[in-house]
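The structure appears right after this line, and notes come after that.
The values are calculated or read from the model by the stated rules, or taken from the named source; none is laboratory data. Quick caveat: nothing in here was measured; it's all calculated off a predicted structure. Neighbour counts are summed over all protein chains in view; Cβ atoms, including those assigned to glycine, are modelled from backbone coordinates with ideal geometry.
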Amino acid sequence: MKLIEGFDSNYRYILVAARRARQLQGGAPPVIETPSRKPCRIAQDEIRAGKVKWVIPETPRSPRGSRRRDAGEGAGERVVTADLRWLISDSGAKTGLI
C-alpha cells in the first residue's frame, strides 16, 4: 500500500478513516459528493479530498527524575494516543472529538 500524502504511516491513515466511517454510520453527513454509499469508502474519499483534518494530541511529560531514558530511546518521537482528534475543514464547523 502506497503512503497517503499527509500521513506519516498507513496505520494512522486507517485509524483516521475508521473513526470518520464510524461517525458517518452514526448519522454524520458526508462533506463531499461521492457515488459510493459505503461509509468506509466515503471516509477515504473525504480524506483524499482534504476535507478531514486530524491532530495527534500532546501527551503530558513526566516530571524530571521520575523515569530515566537512555540517550537514544524515543528521541524525537511523538506519542500517538488512542483518541485521535479530528475536525472537518469544510465550513469551519468543529465536529467530532475536538
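Data overview
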| quantity | calculated |
| --- | --- |
| Sole residue being exposed (fewer than 14 other Cβ atoms within 10 Å of the Cβ) and at pLDDT 95 or above, chosen from Lys38, Lys94 | Lys38 |
| Some residue of region 73-87 being surrounded by fewer than 16 Cβ atoms within 10 Å (Cβ to Cβ), assigned to a loop (DSSP other than H, G, I, E, B) and modelled with pLDDT of 90 or more | no |
| Residues being without any contact (Cβ under 8 Å) to a residue 40 or more places away in the chain, part of a loop (DSSP other than H, G, I, E, B) and more than 14 Å from Ile56 (Cα to Cα) - total across region 1-23 | 4 |
| Single residue of region 1-31 satisfying the filter (among the aromatic types (Phe, Trp, Tyr) and either more than 14 Å from Arg48 (Cα to Cα) or surrounded by fewer than 17 Cβ atoms within 10 Å (Cβ to Cβ) (or both)) that is modelled with the lowest pLDDT | Phe7 |
| Odd one out for Trp54, checked against (1) outside any strand (DSSP E or B); (2) touching a helix residue (DSSP H, G or I) at 6+ places or on another chain (Cβ under 8 Å); (3) modelled with pLDDT under 90 | (1) |
